[in-house]
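Scroll down for the structure; my scribbles are underneath it.
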Amino acid sequence: MIESILVYLLISIGVSQLWSHSKIFSRIRILTVKIPIVRDALLCPVCASYWMGLFVSLLINPLYPLVPYVSNIACGVITYLVAGLLYKNNILNDD
């Protein structure tokens, strides 16, 4: 179970890093700036990690034996917390 959680975290944080910092998704990010409701949730890298973690948990859910929707939300929260710790410790920052 620990291995599946680690694989899930690597995939979901990797996807959120691609979304937040790569040039591949820059045009889509520019389009999301125009939508006020989505802007704050997807442009902040830590906030985007929650939504990307939630999306990845729909495909790969390491907490599946729990109630399905609750485990998806829990996976998103776990990704958000881990990404927040990594950003706080300057591990994921571009500086």
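Please treat every number below as a calculation from the coordinates, not as lab data. Worth saying up front: this structure is predicted, and the values here are computed from it rather than measured. All Cβ positions, even for glycine, are placed from backbone atoms using ideal geometry, and neighbour counts span all protein chains on display.
Structure values in brief
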| item | result |
| --- | --- |
| In range of the label at residue 7: residues from the stretch 33-70 whose backbone nitrogen is under 18 Å from the point 7 Å along Cα→Cβ | 53-66 |
| Axial C-alpha extent at least 20 Å, average Kyte-Doolittle at least -0.5 - helices from the chain (DSSP) | 2-21, 45-59, 68-88 |
| Paramagnetic label zone (point 7 Å from Cα along Cα-to-C-beta, residue 88; backbone N under 15 Å) in the stretch 40-74 | 46-47 |
| Peptide ranges 43-53, 26-36 listed from the most packed, as the mean C-beta count within 10 angstrom indicates | 43-53, 26-36 |
| Positive-end residue of 64, 33, 48, charge dipole of the chain with Cβ unit charges | 33 |
| Given (1) 15.2; (2) 14.5; (3) 13.6, the label whose value is Kirkwood radius over Cα pairs in Å derived from this model | (3) |
